[in-house]
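So the structure is just underneath, and the comments pick up after that.
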Amino acid sequence: MNAPIAAFNSVMIKRLALSVVTGLILALPFCALSATNPPVTLKVFANKPTHPVSPLLNGVFFEDINFAADGGLYAELVQNRSFEFGPDAFYAWEKVGEPAIFSIENDRPLNSNNTNFLRLRTTQPASGVANNGFQGIAIENNSDYVFSVYARAGKVFYGKLTVKLVSSGGKLLGHGTISGLTQNWKKFTKVIHTSGADEKAKLIVTLNNPGYVDLDMISLFPKHTFRDHPNGLRPDLAQMVANIRPSFVRFPGGCIVEGKNLENRYQWKDTIGDVSVRRQNWNRWQRSVNGVTTPYFQSYGVGFFEFFQFCEDINAEPLPVLNCGMSCQYQDAELVPENQLAPYIQDALDLIDFANGPVTNTWGAKRAAMGHPAPFHLKFIGIGNEQWGEEYFKRYPLFHNAIKAKYPYIQIVTSAGPSPDGKWFDMAQEWFKKQTVDLVDEHYYKPPLWFMENVNRYDNYDRKGPKIFAGEYAAHSAYNRNNLEAALAEAAFMTGLERNSDVVSMSSYAPLFAKIGLNQWPVNLIWFNNSVAYGTPSYYVQMLFSRNRGDVLLPTETVDNRLPVQRLFVTTSRDSKAGQIILKVVNPGEQTAEAEITIEGMSKINPSGTGEIVTGLDLQDENSWVAPGHVMIKSIELSGLKPTFNYTFSPRSATVLRIGQ
Ligand code: AHR
């Protein structure tokens, strides 16, 4: 038996058989137990809805960790396109041929936020530079790529730039030329069509004549991006998020919001406008090994405009999180004095204007100038991430009061600290008794057993208190594997979230993305490389729950007369539009579980129904490059449905049954 499940059993064996009525646990007398495995009885009260299921319950959490943005969701194929990487301005570039001068300069730069550029002088034709992308550029055959560059010629350059896409084996995959350079900075664009493919191609830019040029913002995008936006997103990764049908997207993190120090914090105003004027930042997730730092930068090519646009594209509510005048308390823990918080508070107010303001408003006009005069209808904002203690309790109200005074309709997310219990969490709970709070952000990265033991965590939360945003969670199994065991523990826990969605109004797994070999975080929802991606079992559980969320909760009585362990974790809702009952049942154990299901209060039951299941042959099952769909959602056809019917829940499974009239 799997170790965590065995441990789970040993905890549960101390308990009597359980009768669970929508979160109310009743102990049955011991004499009621049977030695064999009697079916679990599930009774759904179809005509007694208890509360609406929060329509925002299942969202996603995006952070630029694990190369999730540059080299990931952002479709830009060139790394360090503007030579701004701090430790090494040539990072990801190499010389081609023998340029006589090859240097990073900053006299008369493109703009004051983008001060570095490349100066090339050559006496030899075909000298220039090559970019290796993010450990190679994945080029597809028979496709269009949009190359662009800002260029300025020296007095003596009358030639052209040659642009080539070349495979790792040296084969030319596509090419184009740029002419008409002047002595002033000017943007040039060229569409390059490919005839050949390679996973590890290079972009090569050379001068075809002797002379000198200055180059900046050397960029290459696939022509087709998600919804074909310019400066867009990688279609396959964006579509994987869209397929979850998340009700919201939280962005841009995470710790990245806080920064290692205040200077390093995420500042949304740096991330809007033309990409060439976005002031870059180093990424606090970059690692230094033996004194050598691997550059990990934020080009901010995916900035707040792109996040809002993505939310609109996939019909998800945007939930931006802003710095509260504190850098990461685990790192430099810098504090902005309370009397100097005004610019930070103004950033929050300006963000609401940027998202929602009319085009006549300063910030609304910036949104319109980026091509979106209509508002983005922002309703939520987070202030601080994983903040704790008195310093937060002093700073937060200043933001809260200023936002509520000007925009009372905005719901504010407040941090409950980095963990779901302990001293800092308890301090926050005490503070919430004094501070008006809309939504409390709780985080838990815990072993699978914790998730199953905490299925009822929210049963007794104060219904008159703040709503809960389970803003970051993931089951971390032994050796941090993204396996079925972790996914089923999350699924069991999610039945508790849905049952309690009158108090838990939002939740999101974290982190969302990880680039294989470049990840800083071990357990993630979606893994990808430069050309393909696969979802983990947890990804399919998120999809299963999100796509099968009803609008009202139906009470469900679960009686399990078997010792020693609660076999099934259950939640039921009604999809009023479809006229269906949606039963979600998680069986994380190694045995099949028979259930006798009674639907009370439904006048007519259609004998046929549909269902979906996430399951596998082993709790250690994972998805991988070779078997990306080893654990995924499979459809079920249901027949013989009637007011009382039997159903066998597979071992190691999360099952959804849709029962209609
Ligand atoms: O999700 C990864 C990190 O975990 C987040 O940045 C942070 O909020 C949490 O500690």
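Each value in this text was obtained by applying a stated rule to the coordinates, not by laboratory testing. Since this is a predicted model, take the numbers as computed values, not measurements. Cβ coordinates were reconstructed from backbone atoms using ideal geometry, including for glycine residues, and neighbour counts include every protein chain displayed.
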**Asked** For the range 191-303, what does the alpha-carbon gyration tensor say about shape, rounded, prolate or oblate, given a ≥ b ≥ c as the root eigenvalues, a/c under 1.5 as rounded, and a/b over b/c as prolate?
**Response** oblate
**Request:** Report the extension gain between ASN243 and GLN286 in nm, rounded to one decimal, defined as 0.36 nm multiplied by the number of residues separating them, less their alpha carbon distance.
**Result:** 12.5 nm
**Message:** Using a Cα-Cα cut-off of under 16 Å, which aspartates and glutamates could be cross-linked to LYS464, ignoring same-chain neighbours fewer than 8 residues away?
**Reply:** GLU430, ASP438, ASP502
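Provide the gained length on full extension for the span ILE104 to GLN429, in nm with one decimal, where the gain is 0.36 nm per separating residue minus the Cα-Cα distance.
111.7 nm
Gain in length, THR592 to ASP551, computed as 0.36 nm per residue apart minus the alpha-carbon separation, to one decimal in nm? Mind showing how you got there, number by number?
Values: separation 41, 0.36 × 41 = 14.76 nm, distance 2.95 nm.
Using 0.36 nm per residue and subtracting the Cα-Cα distance, I get 11.8 nm.
Taking each pair of different alpha-carbon atoms in the chain once, compute 1/r for the pair, average those values, and report the inverse of that mean as the Kirkwood hydrodynamic radius in Å to one decimal.
Details: mean 1/r = 0.0373 Å⁻¹.
Every distinct Cα pair counted, the radius reaches 26.8 Å.
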**Asked** Of LEU554, GLY301, MET452, which is farthest along the charge dipole of the chain in the positive direction, counting Lys and Arg as +1 and Asp and Glu as -1 at C-beta?
**Response** GLY301
**Item:** Above-threshold pairs, the threshold being 26 Å between Cα atoms, out of LYS260/LYS467; LYS202/LYS223; LYS48/LYS433; LYS155/LYS190; LYS200/LYS634
**Value:** LYS260/LYS467; LYS48/LYS433; LYS200/LYS634
**Asked** Dipole magnitude of the chain about its Cα centre, charges +1 at Lys/Arg Cβ and -1 at Asp/Glu Cβ only, in debye to the nearest 20?
**Response** 940
**Item:** Furthest towards positive pole of dipole, VAL146, ALA478, SER635, structure part the chain, Cβ charges
**Value:** VAL146
**Degrees separating the helix 342-356 axis from the principal Cα axis of the chain, which is the longest one** = 80
**Prompt:** In the chain, what % of DSSP beta bridges are antiparallel (nearest 5)?
**Reply:** 75
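Give the order of VAL565, VAL275 when sorted by the count of other beta carbons within 10 angstrom, beginning with the fewest. Numbers along the way, then the final one.
Working: VAL565 20, VAL275 23.
Ordered from fewest to most neighbouring Cβ atoms within 10 Å, VAL565, VAL275 come out as VAL565, VAL275.
If each residue's Cβ is checked for other Cβ atoms within 10 Å, how do VAL163, VAL586 rank with the fewest at the top? Before the final figure, lay out the partial values.
Details: VAL163 24, VAL586 31.
Taking fewest neighbouring Cβ atoms as first place, the list is VAL163, VAL586.
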**Prompt:** Toward the positive end of the charge dipole of the range 38-148, about the Cα centre and with charges on Cβ (Lys, Arg +1; Asp, Glu -1), which of ILE104, LEU73, SER127 goes farthest?
**Reply:** LEU73
**Prompt:** the range 381-433: which trypsin sites (Lys or Arg not before Pro) are DSSP loop and have at most 10 other beta-carbon atoms within 10 angstrom?
**Reply:** LYS433
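Rounded to the nearest 20 Debye, what is the dipole magnitude of the range 413-482 about its Cα centre when Lys and Arg each give +1 and Asp and Glu each give -1 at the C-beta? Provide the component values of the computation, followed by the final result.
Numbers: 9 positive and 10 negative charges, 9 e Å.
It works out to roughly 40 debye.
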**Request:** Would you work out the charge dipole size for the range 406-451 about its Cα centre, treating the Cβ of every Lys and Arg as +1 and the Cβ of every Asp and Glu as -1, and quote it to the nearest 20 debye?
**Result:** 120
**Given 13 as the ceiling on other Cβ atoms within 10 Å, longest exposed-site-free region of the chain for GluC sites (Glu not before Pro) in DSSP loops** = 264-589
**Complete:** Zone reached by a paramagnetic label modelled 7 Å from LYS155 Cα along Cα→Cβ, restricted to the range 185-221 with backbone N below 14 Å, covers 212
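Mind sorting ILE599, ILE383, ILE410 by how few other Cβ atoms lie within 10 Å of their own Cβ, fewest first? Walk me through the intermediate numbers first.
Details: ILE599 22, ILE383 27, ILE410 18.
Listing ILE599, ILE383, ILE410 from fewest to most nearby Cβ atoms yields ILE410, ILE599, ILE383.
Quick check on the range 526-584: take the gyration tensor over C-alpha atoms, sort the square-rooted eigenvalues as a ≥ b ≥ c, and tell me if it's rounded (a/c under 1.5), prolate or oblate.
Working: a/c = 5.38, a/b = 1.48, b/c = 3.64.
Because a/c hits 1.5 or more and a/b fails to exceed b/c, the range 526-584 counts as oblate.
Translational diffusion coefficient, Stokes-Einstein: compute it for the range 54-126 using the Kirkwood radius over C-alpha pairs as Rh, at 25 °C and 0.890 mPa s, and state it as an integer in µm² s⁻¹. Don't skip to the answer; put the middle values down first.
Numbers: Rh = 15.3 Å.
It diffuses with D of about 160 µm²/s by this estimate.
Answer rounded, prolate or oblate for the range 95-223, using the Cα gyration tensor with square roots of eigenvalues a ≥ b ≥ c: rounded when a/c is under 1.5, else prolate when a/b is larger than b/c, else oblate. Walk me through the numbers on the way to the answer.
Details: a/c = 1.80, a/b = 1.57, b/c = 1.14.
It comes out prolate by the Cα gyration axes.
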**Between 0 and 90°, nearest 10: helix 389-406 axis offset from the chain longest Cα axis** = 80
**Request:** Compute the distance in nm between two label points, each set 7 Å from the Cα along the Cα-to-Cβ direction, one at LYS604 and one at GLU390.
**Result:** 6.8
**Asked** Taking a point 7 angstrom from the Cα of THR362 along the C-beta vector, which residues in the range 259-273 have backbone N less than 19 Å away?
**Response** 267-273
**Fill in**
Among the range 54-75, those whose backbone N falls under 20 Å of a label point 7 Å along Cα→Cβ from ARG463 are 54-57
**Request:** Rounded to the nearest 10 degrees, what's the angle between the helix 3-12 long axis and the longest principal axis of the chain, both from Cα atoms, 0 to 90?
**Result:** 40
